[in-house]
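Here is the structure we will look at, set down as structure tokens.
The values are calculated or read from the model by the stated rules, or taken from the named source; none is laboratory data. Note that this is a predicted model, so its numbers are computed, not measured. Positions of Cβ are generated from backbone atoms using ideal geometry, with glycine treated the same way; all protein chains shown enter the neighbour counts. Side chains included, ligands, DNA and RNA excluded: accessible areas come from the protein's heavy atoms. Shrake-Rupley method; radii C 1.70, N 1.55, O 1.52, S 1.80 Å.
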Amino acid sequence: MGKNILILMCFMSLIACKREAVFELEGNSEQVLRERTVGLRYPTAPGRQYFLSTQADSSGHFLLTGEIIPGKAASLNFGYQHLPLYVEKGHYRVIKENDKYFVVSDRKESLQNRYVQYMRRIDSLDATYNRLSHGYDTISDINRKAQLSDQMKRKFALRNDQVISGIKEFAGTEIALNIINELMYLCEVDYRFFTKAMKALGDSIPEGDLKDKITEAYRQAQGRQLTGKAPVFRLPDVEGRMYTLEDFKGKYLLIDFWASWCAPCRAKNKELNKHYQELKDLGVNVVSVSLDNDRKKWVKAMEEDQVAWLQLVDLDGFEKSKVRADYKVSGVPTVYLIDPEGNVLITGPSLEEIKNAIK
């Protein structure tokens with residue numbers, strides 16, 4: 001009997017360590033709430049499935065308190081706000097800075113407050129990018145649009161570098177996982193970024209639904225990538241001469257999928273122009289495949305961009321192109337480095353990556 005009581009006491013102690021009724025969060029929404037329910041939910045939970053919730057009063061003020069599992073990523077939903085939160089024991093407040101809301105802890109050195117500092121840095125970079133991109137879609141001059149696209153690309157790269165730094169900073173916690181989860185829309189279309197983010201997580205990834213969700217998304221992203229042997233193709237150049245993949249066997253091949261109507265592609269043409277001679281000296285064949293369905297627009301774009309390397313075209317256009325589907329091109333520009341045996345080495349390689357692969 002005494003032994004059973006001791007086992008029960010140990011079991012209850014474990015539960016007490018796991019759940020602690022010490023969480024408290026208060027705030028006030030200045031906006032009109034869709035409903036008065038304010039709740040905390042886990043990132044993998046459906047819609048409004050809260051693990052803690054309360055009702056805001058008529059002014060939008062609320063006090064949320066109850067049992068929590070420390071060390072979990074969550075989000076606070078009230079009105080139209082969705083605020084990332086790392087749940088630890090203690091008292092939290094919702095604050096407003098300009099037009100942004102954040103959840104801060106009374107403990108100055110808490111992980112949540114460090115998380116907020118990270119979010120502020122990203123918000124600042126996003127604001128810079130958004131100012132730069134304002135009016136981008138209304139620009140009709142494709143060359144002007146290409147120049148702006150190049151500037152936006154550099155700003156976006158700086159922002160993504162900060163994201164990777166943030167994942168490394170919080171590696172070993174669910175904050176790192178939630179940073180990736182909040183950017184899943186980007187990860188699903190940018191495999192290189194997704195891979196960097198997964199590597200930044202390190203080896204001590206907390207077990208749980210959030211880890212399972214992200215690792216499964218990454219597995220699916222891997223399945224959408226072009227790997228192994230490059231698919232065969234047969235496409236004409238501007239003179240109508242046909243080329244196949246076999247024509248480039250024995251040398252490295254940099255194959256660039258683009259279109260005249262794609263501003264980032266036109267910026268990529270200018271970038272390739274700068275490095276073409278160096279790539280040529282390295283023994284790399286550079287070939288572009290246009291997915292235009294209008295020959296005149298394709299030729300005009302080549303003349304404007306003064307491309308010096310081999311240009312092929314699939315006049316079936318982006319939507320109907322078989323070679324696009326075979327090469328798993330979901331958007332342009334898409335660039336692959338292929339080795340002399342026809343194996344796909346790198347997607348979207350930088351000049352340094354090309355040099356290292358050849359060495």
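Note on the chain: antiparallel DSSP beta bridges, both residues inside, total approximately 75 percent of the bridges counted. Sites listed here are GluC sites (Glu not before Pro) in the stretch 167-225 whose DSSP assignment is loop and whose Cβ has at most 13 other Cβ atoms within 10 Å: Glu207. For a test of the definition: using alpha carbon positions, the gyration tensor, and the 1.5 limit on a/c, classify the stretch 233-295 as rounded, prolate or oblate. In terms of gyration-tensor shape, oblate.
Ligands, DNA and RNA excluded, the heavy atoms of Phe102 present near 10 Å² of accessible surface to a 1.4 Å solvent probe. Measuring only protein heavy atoms, the 1.4 Å probe finds Thr138 accessible over about 120 Å².
Looking at the stretch 200-310, the DSSP beta bridges with both ends there are about 25 percent antiparallel.
The lysines whose alpha-carbon is closer than 24 Å to the alpha-carbon of Lys211, local same-chain residues fewer than 8 away aside, are Lys18, Lys72, Lys89, Lys168, Lys196, Lys199.
Hey, could you grab the Kirkwood Rh for the chain? Inverse mean 1/r over distinct alpha carbon pairs, Å, one decimal. Before the final figure, lay out the partial values.
Working: mean 1/r = 0.0417 Å⁻¹.
One over the average 1/r among Cα pairs gives 24.0 Å for the chain.
In the context of the full set of protein chains, residues of the chain present 54 Å² of accessible surface per residue (probe radius 1.4 Å, heavy atoms only). With the gyration tensor restricted to C-alpha atoms of the stretch 156-214, the semi-axes of the equivalent ellipsoid amount to 17, 13, 9 Å, longest first. Normalised by residue number, the volume inside the convex hull of the Cα atoms of the stretch 198-352 is 136 Å³ per residue.
Rg and Dmax of the stretch 115-186, both derived from C-alpha coordinates alone, stand at 14.7, 47 Å. Which trypsin sites (Lys or Arg not before Pro) in the stretch 156-263 sit in a loop by DSSP (not H, G, I, E or B) and have at most 14 other Cβ atoms within 10 Å of their own Cβ? Answer in residue order: Arg224, Arg241, Lys249, Lys251. Calculate what fraction, in whole %, of the accessible area of the chain sits on carbon and sulfur atoms when a 1.4 Å probe is rolled over the protein chains. After summing per-atom areas, the C and S share lands at 51 percent.
Given a cut-off of 18 Å, what percent of all Cα-Cα pairs of the stretch 36-130 lie beyond it? Beyond 18 Å sits 47 percent of the P(r) for the stretch 36-130.
Loop-located GluC sites (Glu not before Pro) in the stretch 85-159 (DSSP state other than H, G, I, E, B) with a sparse environment of at most 14 neighbouring Cβ atoms within 10 Å: Glu109. For Lys274, a cut-off of 24 angstrom between C-alpha atoms picks up these lysines, skipping any fewer than 8 places away in its own chain: Lys145, Lys153, Lys155, Lys251, Lys297, Lys300, Lys355, Lys359. What residue among Tyr115, Tyr129, Tyr243 has the largest mean-square fluctuation in a Gaussian network model of the chain, using Cα springs under 10 Å? Its mean-square fluctuation being the largest, the pick is Tyr243.
Helix-only arithmetic for the chain: the sum of -39500 (n - 2.57) across DSSP H runs with n ≥ 4, divided by the residue total, places the mean residue ellipticity at 222 nm at -13500 deg cm²/dmol.
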